[in-house]
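Undergrad: Below: one structure in structure tokens.
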Amino acid sequence: MRTIYEKLVLLNSQKIKKTYPNFSYLNFSIYLSRDDREFDINNYLLLKKFKNPNHRNFNIFKKQKNIKGFYKYLISFKEYKYLPRIETIFVFIFDLLKYIKQILDIFGIILIIFILGILNIRDFSNKKFFKFKNKKIYSIYYWNTKKSKSANYYYPQVDKDSINKIFISSFADSKYLSFGLIHSILNSRFITPANVLNTKDLILSILQFLHLFIHDISLIFLKKNYNFLSFWIGWKKATEIFYSILIYNSIIKLSRYSSNCEFISWYENQVTNKSFSLGVAYSKKNFSSNCNLSTYNGTFFTPKIKKHLLPIYSEFKAGLWGNKYYVQDKGSQREMNIYLKSENINIPVKVCSKKMIRAKSFQNNGKYSKSYKRNITIFTHASYWDLSACLLSIFNNRNSRFLKNKKIAQCEKIFIRLHPSLNKENAIKEIFSISEIPKNIKYEFIENKEESFIKSIQLTKYCFFGISSYINLAIEIGSKVISVDTHHINQAPIKNELINSKNLTFASPW
């Protein structure tokens, strides 16, 4: 699948060339987005190539107790739901309901900001806003479950220094951003657009949002290679797009009126982080702001990470990646410098301070002892398929050269360490829905709060990883690491200097 997909990319993909200097917020167009949540026309064409004899009898809308792992893999892609068949009409109906929810959510955000504006200002255009000097302003995702500790999840010990300020660029565990916004206002002192924007700013943001919507829908009719499905799927996150415009206008005000501040953006190239970065870039260009923008990469860097997370030249020229790029360790620094040079991008790469290291690598922490009390632990990334693929690889006879099925049968249990965005109940449902995975295996989920990531690796003989970058940590520590090929688009993000490690083995779920 990977080879066919790569050929389709070469055939159909076009480099992003156009940017919008006069209407900078149009850079939030879904057609300029490289977020992997967007519709992937190449993946869509690839999935259309698969013609299974039983395809007509396979109903993705009917819950099935047992499904083959390969079907489960296909279903995991958003493009699969839109393959041409009669049932697709129901997908669009469900999407319409999601659009209605998005509209209600947007109205909720508007109402919150409007009410706060009435409570805090005396007239239409004046509202108290922040004038910072010599501060560091960090963008974060707010977690309802973590509340005021959300910032420390991304930047360790960031709340220990008064020089640090926190700006909420998105919400990690809120189905409705309006609810997340209310929750953050009540349970933290973080900065949000609700603190910064006045009524005039809010009206401007609404007009910009409508302009962006009209711009994107018009491209379907005015330009070639702009397909409807990209628009339809991309704008299903309309609330996020609207919130990004609020962020953009907020950051312009903050960076315009602040002095000698460093705005630090989380490295994930999503629309809300993009708006944070472009807000600073706009202020520097149009208001001669002396504030600077940096990017903080909170995990190990390798050119094999998801492609939308890699800086590209057009985004760099637009100011998206800033004047400095922070990484976790020297290995990441070396690999990033090599990558940036190949892309003709000139950004200084710095290893972050010790107290701000989020991904503690072997290089940062010295040697670790190992005490095997667990035979197998699966370390997942932020998808249930990552877990399912690792389990399928365990029971795949093609992988018996390094791990016998008999050993698994004799195991008391398989340990699972889930990504914080996943939950145990849904993980169990996914496991038991796949026919190739035996139903008599016992599982134990590791509580992330009670045990460090390093400790989980130390206690495990065989560490299974999909596309989690923490695979590099396990390799450096010296554990027996199984890298499972879980994805035909993205490869395991293993550092180049570790790819030939003796304790690393590659496996497939098929």
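Undergrad: Among the residues of the range 156-203, what is the count of those that are touching a Leu at 6+ places or on another chain (Cβ under 9 Å) and either within 20 Å of Ile241 (Cα to Cα) or not assigned by TED's automatic domain parsing to the domain that holds Leu104 (or both)?
TA: Looking only at that region, the number is 16.
Undergrad: Using beta carbons and a limit of 8 Å, which pairs, at least six apart or on different chains, have the first residue in the range 235-249 and without any contact (Cβ under 8 Å) to a residue 60 or more places away in the chain and the second one not in a helix (DSSP H, G or I)?
TA: Asn249/Leu197
Undergrad: Can you tell me how many residues within the range 351-376 are surrounded by 14 or more Cβ atoms within 10 Å (Cβ to Cβ), under 27 Å from Tyr267 (Cα atoms) and at pLDDT 70 or above?
TA: The qualifying residues number 6.
Undergrad: Looking at Phe263, Phe242, Phe209, Phe231, which is the one that is of a type outside the set (Gly, Ala, Ser) and touching a strand residue (DSSP E or B) at 6+ places or on another chain (Cβ under 6 Å)?
TA: Numbers: Phe242 fails: touching a strand residue (DSSP E or B) at 6+ places or on another chain (Cβ under 6 Å); Phe209 fails: touching a strand residue (DSSP E or B) at 6+ places or on another chain (Cβ under 6 Å); Phe231 fails: touching a strand residue (DSSP E or B) at 6+ places or on another chain (Cβ under 6 Å).
On inspection, the qualifying residue turns out to be Phe263.
Undergrad: I need the full set of residues from the range 122-145 which are modelled with pLDDT of 90 or more, in contact with a helix residue (DSSP H, G or I) (Cβ under 6 Å, 6 or more places away or on another chain) and not hydroxyl-bearing (Ser, Thr, Tyr), in order please.
TA: Result: Ile140, Trp143, Asn144.
Undergrad: Also, quick follow-up: Going through the range 377-422 one residue at a time, which ones are at pLDDT 90 or above, aromatic (Phe, Trp, Tyr) and under 17 Å from Pro438 (Cβ atoms)?
TA: Selection gives Phe415 alone.
Undergrad: Here's another thing I want to ask about it. Select from the range 81-95 the residues that are over 19 Å from Arg37 (Cβ atoms) and either in a helix (DSSP H, G or I) or in contact with a His (Cβ under 7 Å, 6 or more places away or on another chain) (or both) and list them in ascending order.
TA: Scanning the range 81-95 gives Thr88, Ile89, Phe90, Ile93.
Undergrad: Which one of these is within 30 Å of Ile357 (Cβ to Cβ) and either touching a helix residue (DSSP H, G or I) at 6+ places or on another chain (Cβ under 8 Å) or surrounded by 15 or more Cβ atoms within 10 Å (Cβ to Cβ) (or both): Ser162, Ser188, Ser178?
TA: Just one listed residue meets the conditions, Ser188.
Undergrad: A further question follows. Hey, can you tell me all the residues within the range 483-496 that are more than 30 Å from Phe39 (Cβ to Cβ) and out of contact with any Gly (no Cβ under 6 Å at 6 or more places or on another chain)?
TA: Asn496
Undergrad: Let me ask you something else. With (1) assigned to a helix (DSSP H, G or I); (2) free of Cβ contacts under 8 Å to residues at least 60 places away in the same chain; (3) within 19 Å of the chain's Cα centre (by Cα) as the list, and Leu207 as the residue in question, which single condition is left unmet?
TA: Only one criterion in (1) assigned to a helix (DSSP H, G or I); (2) free of Cβ contacts under 8 Å to residues at least 60 places away in the same chain; (3) within 19 Å of the chain's Cα centre (by Cα) is unmet by Leu207, namely (3).
Undergrad: Scan the range 333-343 and tell me whether some residue there is free of Cβ contacts under 8 Å to residues at least 60 places away in the same chain, under 24 Å from Ile137 (Cα atoms) and of a type in the set (Asp, Glu).
TA: No, that holds for no residue.
Undergrad: Here's a follow-up. Can you find a residue that is under 21 Å from the mean Cα position of the chain (by Cα), surrounded by 14 or more Cβ atoms within 10 Å (Cβ to Cβ) and outside the structural domain of His419 (by TED's automatic domain parsing) anywhere in the range 116-137?
TA: yes
Undergrad: Return the only residue of Lys224, Lys285, Lys274 being closer than 21 Å to Lys165 by Cα and either crowded, with 23+ Cβ neighbours inside 10 Å or among the basic types (Lys, Arg) (or both). Spell out the reasoning first.
TA: Working: Lys224 fails: closer than 21 Å to Lys165 by Cα; Lys285 fails: closer than 21 Å to Lys165 by Cα.
None of the other options fit; the residue is Lys274.
Undergrad: Also, quick follow-up: Pairs, please: C-beta under 8 Å, at least 6 apart or cross-chain, first residue closer than 20 Å to Val280 by Cβ and at pLDDT 90 or above and in the range 303-322, second of a type in the set (Asp, Glu) and assigned to a helix (DSSP H, G or I)?
TA: Filtered contacts from the range 303-322: Trp321/Glu315.
Undergrad: Continuing with the same structure: Inspect all residues belonging to the range 229-247 and state whether any of them is in the same structural domain as Glu315 (by TED's automatic domain parsing) and assigned to a loop (DSSP other than H, G, I, E, B).
TA: No - not one qualifying residue is present in the range 229-247.
Undergrad: Kindly indicate whether Tyr99 is in a helix (DSSP H, G or I) and of a type in the set (Phe, Trp, Tyr).
TA: Against the criterion (in a helix (DSSP H, G or I) and of a type in the set (Phe, Trp, Tyr)), Tyr99 qualifies.
Undergrad: Select, from Pro193, Pro156, the only residue that is buried (at least 21 other Cβ atoms within 10 Å of the Cβ) and not charged (D, E, K, R).
TA: Exactly one residue qualifies, and that residue is Pro193.
The values are calculated or read from the model by the stated rules, or taken from the named source; none is laboratory data. Being a predicted model, the structure only gives us computed values, none of them experimental. In this analysis, Cβ positions are derived from the backbone assuming ideal geometry, glycine residues included, and neighbour counts consider all displayed protein chains.
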